[in-house]
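Below is one structure; the comments refer to it alone.
The values are calculated or read from the model by the stated rules, or taken from the named source; none is laboratory data. If you're wondering where the values come from, they're calculated on a predicted model, not measured in any experiment. Ligands, DNA and RNA are excluded from the accessible area calculation, which covers all protein heavy atoms including side chains. Shrake-Rupley method; radii C 1.70, N 1.55, O 1.52, S 1.80 Å.
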Amino acid sequence: MAGDEADDPTAIRSLALSPADAADAYAYTQENPGEAVLRVTPPFHGRMRARIHVYRLDDTELTGAVHVAPAAVIADNVVADYPALETELEDVDPSETDRVRKRHGEAVKAWQKRAREAIVDEIALETDDGPHPVEIKQVG
């Protein structure tokens, strides 16, 4: 590909990604400051690998990278079932906080297992030309 074509995400036909990266990225964003995404960097071609990437400042304008939200590659019903710690901590006696946090950690691990098994087959990348469909290929 020449010049600008290598920077055009519409060249992508499929994204290879690790289901564990998708589940870990989603959980990271729920539990920590910053955001975790599945990142694809130019030059773009038909088959690309998306890897987990954590950031605080979005640098896609500078790098030309494409960020895929982990929620986009995990089935909606599984995303909706993510265990929210804030909900679990409501009206909890302070002496029970450690127990609730431990239980929450176990619930997140169980959710991540379900999420790894709920990767979708296709997503649409948002591009300057509008949504661009790509197949999802699982690796690892």
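The table for this structure:
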item: For region 1-65: rounded, prolate or oblate by the Cα gyration tensor [a/c cutoff 1.5]; result: oblate
item: Carbon plus sulfur fraction of accessible area for region 40-138, probe 1.4 Å, in percent; result: 48
item: Tilt relative to the chain, helix 97-116 - C-alpha long axis, 0 to 90 degrees, to 10; result: 30
item: Helix axis angle, 19-31 relative to the chain longest principal axis, alpha carbon, degrees; result: 60
item: Correct option for Cα extents along the principal axes in Å [calculated from the coordinates] among (1) 37, 34, 26; (2) 63, 29, 25; (3) 67, 27, 17; result: (2)
item: Candidate aspartates and glutamates - alpha carbon under 12 Å from K137, same-chain residues fewer than 8 apart omitted; result: D121, E122
